[in-house]
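S.K.: First the structure, which I've put down as structure tokens, then a few questions once you've had a look.
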Amino acid sequence: PVTGFKWAVGHTLCVAGVMESLFSLLAVRESCVPGMATLETPADDCQGISLCQTTQKPLSPIAMIVTRGFGSLNSCLLIKAV
């Protein structure tokens, strides 16, 4: 399921990427994917994507963190529970 944390702290804050990483580490460690509190109705473009509206159990112990920065700088981090 797809979730995120940046909605809670603001996408443009410097701490948003760090908080997203910590959020993902805790989700993998606790084996739960928290829902996005501000998600009401997914857009039609999101058909086929499992957006997390409520807390769910993940299907895999692996999480992916994708960030986009200024100047088209993209980063992807995979973490796995051990």
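S.K.: Would you confirm whether or not the stretch 71-81 contains a residue that is β-branched (V, I, T), part of a helix (DSSP H, G or I) and open to solvent by less than 90 Å² (accessible area, probe 1.4 Å)?
M.R.: In the first step, residues of the stretch 71-81 are kept if they are β-branched (V, I, T); the result is 79.
With part of a helix (DSSP H, G or I) added as a condition, the list becomes none.
Within the stretch 71-81, none of the residues are β-branched (V, I, T), part of a helix (DSSP H, G or I) and open to solvent by less than 90 Å² (accessible area, probe 1.4 Å).
S.K.: Considering only the stretch 1-58, how many residues are open to solvent by 50 Å² or more (accessible area, probe 1.4 Å), modelled with pLDDT of 70 or more, polar (S, T, N, Q) and assigned to a loop (DSSP other than H, G, I, E, B)?
M.R.: Final tally of qualifying residues: 7.
The values are calculated or read from the model by the stated rules, or taken from the named source; none is laboratory data. Just so it is clear, the structure is predicted and the values come from calculations on it, not from any experiment. Remember, those area values only see protein heavy atoms, side chains included, never the ligands or the DNA or RNA. Shrake-Rupley method; radii C 1.70, N 1.55, O 1.52, S 1.80 Å.
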